[in-house]
Each structure stands twice: as structure tokens, then as C-alpha cells.
Amino acid sequence: MTKRTLLATAVLCVTAVTTLTACGDDKKAEDKGAGTAASATPSPAKPADPFKGLTAAQISEKARVAMTKLDSFKVKGGMTVDGKQMTFDFSVARKGDCQGTFTSRGASADVRQAGGQTYMKGDDKFWQQMGGEQGSSAEETNALTELLKGRWLKMPAGDGQADDQFPFCDIGAMFEKDKEETRLTRGADTEVNGTPAVTLTGKDGAETQTLLIAAEGEPYALRMSAKGGKEPGSFDFSAFNEPVTVTAPPAGEVMDPSKLKG
């Protein structure tokens, strides 16, 4: 599992944003001898390596499979796409439901996907930017912004927009096996938010890709990142199998896209 899998789905790139810290060496406790009133406190034994004997590629594959079996998780991060910085924070369920927020250039939008239908509610700046990017006139863009103020836009079905823009709603697609995975090597052990992790790195041209995988419990991907490329960013994964409930917005707050024609 490498960043390329997500690129194929999301057209997104990721990069490292933290410095990895190696774990300390294992230490052995020694007896001070019989009859001594006090003895040295034994150092905690270093846990056995759950990936002993596995190649970096095999560890990566174990993580990919573990992620596809999840019922839900959270994904949060940021990236640069076409020179524009974007951040996102999504909760995702296996059944395809998801909800979250993404921001770009000072604008933000909320997204919900429930029952196979996707809804989006942006702030005024978001719709202003969208209108400009679509080549709409200032008058048209202002009208659109006013029409959608405080409302959810029901994304058109069957044109691929929902899938193209919100790939985080599809766990299977996010972690589909990549036929052209980057060659990975195992680096120093580290931690991600207090969870021991192994570090896998690989090169794709000028870009260095990094995958941090949990070294205790299930081998979930904790962070996928890359640096040195043209589009830096980073994904963090958490809240594995925690319940995710997404409901469609109230009908009175939803704008049908057919009313936007013309």
C-alpha cells in the first residue's frame, strides 16, 4: 500500500509534516546479588516485533488488508493541489456513508454522504470561488452564493462528481491494491500519537513517501505522507471502528441541482 493508491482514487498527494523519533534500545536488568536489601528495577522488556521476518512490502500489504476490513475510521490532513493548500477532516464508514469538512484558500465546505447521495454546504467564499473557477460572471456567482446561503447542494447523480471529489467515502477504493507500488524499505521505529509504529519509506522520483503502521494491535495505517514532490501533504488515520452515523440534511435545507440550470 503506497500513496499512489490514493492518488489513483483521489488525485491527491501527501507529504511528511513531522520528524520521526526512533525508539530507545532494549535494556536488560541485572541482579545486584543475593542478600542485597535493594535491587535494580528491571527495565520493561521491549515488545516482540510483530513484523519480524517480513519485508517492507509484506508489512505494507498487511496494513492495506487491515484497513479494508475496517467498519469505520477518521482521516485528517492537508495537502497542496495545483499550488493550493487544502485541509480535510472526515469520518468514514464501510457502507459508503461519510461526513466531514474541507478548507481551501480561506473557504470551507461541509460534506455528507448518506444512502449513496452526496450533499455539500459551502460558505459564501467557497461558492464565490467555485463560480469564478467555472467561468461564471460576477452577477451569476453572486446569485449562486445567495441562493445557496445556509443550504446544502444535492450533488448530481451519475456524473462522477461525488466520487471524484470525495474519495474518502469509499474505503475499498482508498485502499485498493496498487499494481505499481513504490519499492519500500523499513526504517526506524517511532510513535504516532502514542502508538508504537514501524516506518516504511520509498522514493517516487524526487518524492519521498512514508507510511507509518501500528506495531501493536491491528496493523492499521496511522499516517501516509510524502515530501519533496510538487504537491506536499499528509493523511492521519484514527478512530478505528468507532461508530459513524451520517444522516441526510433536512429536506427543507437541500437545494436540488436542477434548480440551478441557467
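The values are calculated or read from the model by the stated rules, or taken from the named source; none is laboratory data. Note that the structure is a prediction, hence the values are computed from the model and not measured. Methodologically, a virtual Cβ is constructed for each residue, glycine included, from the backbone with ideal geometry; neighbour enumeration extends over all protein chains shown. Accessible surface is based on the protein model in full, side chains and every heavy atom, while ligands, DNA and RNA are left aside. Shrake-Rupley method; radii C 1.70, N 1.55, O 1.52, S 1.80 Å.
Of everything in the range 221-234 that is closer than 19 Å to ALA56 by Cβ and not small (Gly, Ala, Ser), the residue that is most open to solvent (accessible area, probe 1.4 Å) is LYS227. Scan the range 151-210 for residues that are assigned to a loop (DSSP other than H, G, I, E, B), in contact with a Pro (Cβ under 7 Å, 6 or more places away or on another chain) and either at pLDDT 85 or above or of a type in the set (Val, Ile, Thr) (or both) and report the count. Adding up the residues that qualify gives 1. Looking only at residues in the range 112-150 that are in a strand (DSSP E or B) and among the charged types (D, E, K, R), the one that is nearest to ASP82 (Cα to Cα) is LYS121. Within this structure, THR15 fails the test of being modelled with pLDDT of 50 or more, hydroxyl-bearing (Ser, Thr, Tyr) and not in a helix (DSSP H, G or I).
Taken as a whole, the structure places ARG64 among residues that are of a type in the set (D, E, K, R) and open to solvent by less than 70 Å² (accessible area, probe 1.4 Å).
If I filter the range 241-250 for residues that are at pLDDT 85 or above, out of contact with any His (no Cβ under 6 Å at 6 or more places or on another chain) and outside any loop (DSSP other than H, G, I, E, B), do I get at least one hit?
no
Answer yes or no as to whether GLU218 is under 25 Å from ASP49 (Cα atoms), open to solvent by 30 Å² or more (accessible area, probe 1.4 Å) and at pLDDT 85 or above. Judged against the criteria, GLU218 is a match. Here GLY131 clears all of (1) in contact with a Leu (Cβ under 8 Å, 6 or more places away or on another chain); (2) modelled with pLDDT of 85 or more except the condition numbered (2). Taking the criterion of being open to solvent by 40 Å² or more (accessible area, probe 1.4 Å) and under 20 Å from PRO50 (Cβ atoms), the residues of the range 168-194 that qualify are THR185, ARG186, ALA188, ASP189, GLU191, ASN193, GLY194.
Entry remark, the range 68-111: residues being part of a strand (DSSP E or B), open to solvent by 30 Å² or more (accessible area, probe 1.4 Å), within 20 Å of PHE175 (Cβ to Cβ) and among the polar types (S, T, N, Q) number 1 in total. No other residue among ALA29, ALA63, ALA93 is modelled with pLDDT of 85 or more and touching a Pro at 6+ places or on another chain (Cβ under 7 Å) apart from ALA63. Selection of the range 112-146 for residues being buried (at least 20 other Cβ atoms within 10 Å of the Cβ) and without any contact (Cβ under 8 Å) to a residue 24 or more places away in the chain yields PHE126, TRP127.
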